[in-house]
Structure formats: structure tokens, C-alpha cells
Amino acid sequence: MTSRPAEEDRLRDLARLRRVRDRIDREYARPLDVEALARGEHMSAGHLSREFRRAYGEPPYSYLMTRRIERAMALLRRGDVSVTEACFAVGCSSLGTFSSRFTELVGVPPSTYRDQAAQGTAELPPCLAKLVTRPVRNREARTPAPHLA
């Protein structure tokens, strides 16, 4: 059985982590770093990273980059935004880092995605297009069953 103060501390930490996650979701296009996020909740960067990973399965920077890539995917699906415009619109300052992370999460470079998505989702309502094209992190991807001969 946990003591009451320990349980209260844990709940207080979870509330702080939710505020950090909500801030990332709201301000993804602004310059954010783990130190600034931690300072905003009166935590150390190391503690925030450990606890965020424990609560949400990934560190805050990875969560931020995934949100940015999701937003960039939505912009690129429209077809009227260049890769560079999408990169800077979602808060990335390096086209190279953006392209690498995009390719890692989505499986294709952003320019290829833009061309394919504009054609492939043209008939879908935006809410379904977002669901179908959501990035899949490597640990979420299903591995094929081994083929036994």
C-alpha cells in the first residue's frame, strides 16, 4: 500500500506531465526544448524526460517531433505547400533534420509523401485521411509473422 503523500506526489507529477504534453500540442511550431519545458513546470530536464517517457512511452523531444511531422503531413497532403514551407511552418529550423525524421517516421521522404498523398487521399474526407496517414513509429509497426516452409 502506498502512503498518501507519495500518491499525491505521483498525481501532481502526472498533472505536470499532462501540462507539458498539452503545451507541446499547442505550441509545436514554436521553438521548444526540454529545458524550457522543464523550467515551465519547475522540474529538471532529466526528471522531466524520465517521467515523460514513463508516462507516455517516449521522451518529450520525440513526442514534439512526432507532432510536428503529423502537422507537416497534413500540410503536404493539401498539395499546395512545398516541403520547405511545411518544414518551417511546423517549427523545424533544419530542412535536413526535418527530412530525416519525416522519412524515419513515415517511411518515405516528404517530397515523395507529398506527391503520393495528394493523389491517394483526394477522395477521402480530411478526418479519414488524417487517420489513414498517421505516422507509425518503429516500435508500433507490426512485424510480419515468420514464414515457415
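Any residue at all in the stretch 4-19 that is of a type outside the set (Phe, Trp, Tyr), out of contact with any strand residue (DSSP E or B) (no Cβ under 6 Å at 6 or more places or on another chain) and under 21 Å from residue 90 (Cβ atoms)? Within the stretch 4-19, not a single residue is of a type outside the set (Phe, Trp, Tyr), out of contact with any strand residue (DSSP E or B) (no Cβ under 6 Å at 6 or more places or on another chain) and under 21 Å from residue 90 (Cβ atoms). Note on the stretch 43-74: residues that are under 24 Å from residue 127 (Cβ atoms), more than 10 Å from the chain's Cα centre (by Cα) and either among the β-branched types (Val, Ile, Thr) or buried (at least 19 other Cβ atoms within 10 Å of the Cβ) (or both) amount to 2. The set of residues in the stretch 63-98 that are more than 20 Å from residue 23 (Cα to Cα) and acidic (Asp, Glu) comprises 80, 85. As a summary of the residue check, residue 81 satisfies the conditions (1) buried (at least 16 other Cβ atoms within 10 Å of the Cβ); (2) at pLDDT below 95; (3) over 22 Å from residue 119 (Cβ atoms) except for the one numbered (3). Please work out which residue is farthest from residue 94 (Cα to Cα), limiting yourself to the stretch 20-34 and to residues that are free of Cβ contacts under 8 Å to residues at least 40 places away in the same chain and surrounded by 12 or more Cβ atoms within 10 Å (Cβ to Cβ). So the residue we want is 23. One residue stands out among those in the stretch 107-149 that are among the hydrophobic types (A, V, I, L, M, F, W, C) and in a helix (DSSP H, G or I): the one that is modelled with the highest pLDDT, which is 117.
The values are calculated or read from the model by the stated rules, or taken from the named source; none is laboratory data. Treat the numbers as computed from the prediction; the structure is a model and nothing was measured. Heads up, the Cβs are rebuilt from the backbone with ideal geometry, glycines too, and the neighbour counts pull from every protein chain shown.
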